[in-house]
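The values are calculated or read from the model by the stated rules, or taken from the named source; none is laboratory data. Quick caveat, the model's predicted, so the values are computed rather than measured. Every residue, glycine among them, receives a Cβ derived from its backbone with ideal geometry; neighbour counts consider all protein chains shown.
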Amino acid sequence: LYCITQKLPNIMSFVPHLVALTFEPKDILGYIEPQMSTAFEKVQPLLNDLPIAVPSITPIESLLVVLIIAYVCHTLAVFPTAIAAGGLDNTDPRGMAAKAKKKKSFFSRLSSYLLGAHYNTLESFMVYAVGVILCTVTKVDKDIFQKICHLYVITRVAFCVAYAAQIIPLLSVPISLVRSSFYFSNTICACMLLKLAAMQK
């Protein structure tokens, strides 16, 4: 298991992009969507209990949602980073994060995981944003476009939660595999948008 988790980042660097390039978007959705629907059915009762309704968002609105997700991770990271670094240093926040990383404590690891989720979300956002803009301009099928955008947002939230959950000591390795599966699905969604736009005549 340790060997798999060590080699997984290298595999994840190119496989999702290759899958999106090789297969038809509808075929990929046909595989991913049932898995996500099953998971969503389990989460739905929790969503129904929320004091506010979970709104349906358009692809363009989803760009703002993804940025909010990225900066929620960043904001949450401030507290464990300050604790691990020995105090809040707003004049040099990156220096504070570097200092916190050297401590190897619970708060240091939590800070590292939350900042990792923040940076990864921003890295993924560039591909996703280009895909959303190209699909909007080329007028791809609205139904499949909307589904992919919803899947992207759901898997991005799940990825960030799983990233932070790795702080649980005995479950860090299995949770890292779950996180990687969300990353895989999330990256495929972003790449599928680019392929859909490229397929338009």
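Among residues that are outside any helix (DSSP H, G or I) and either surrounded by fewer than 18 Cβ atoms within 10 Å (Cβ to Cβ) or modelled with pLDDT under 95 (or both), Leu76 is not included. Just one residue in the set Leu151, Leu171, Leu115 is over 21 Å from Glu61 (Cβ atoms), at pLDDT below 90 and in contact with a helix residue (DSSP H, G or I) (Cβ under 8 Å, 6 or more places away or on another chain); that residue is Leu171.
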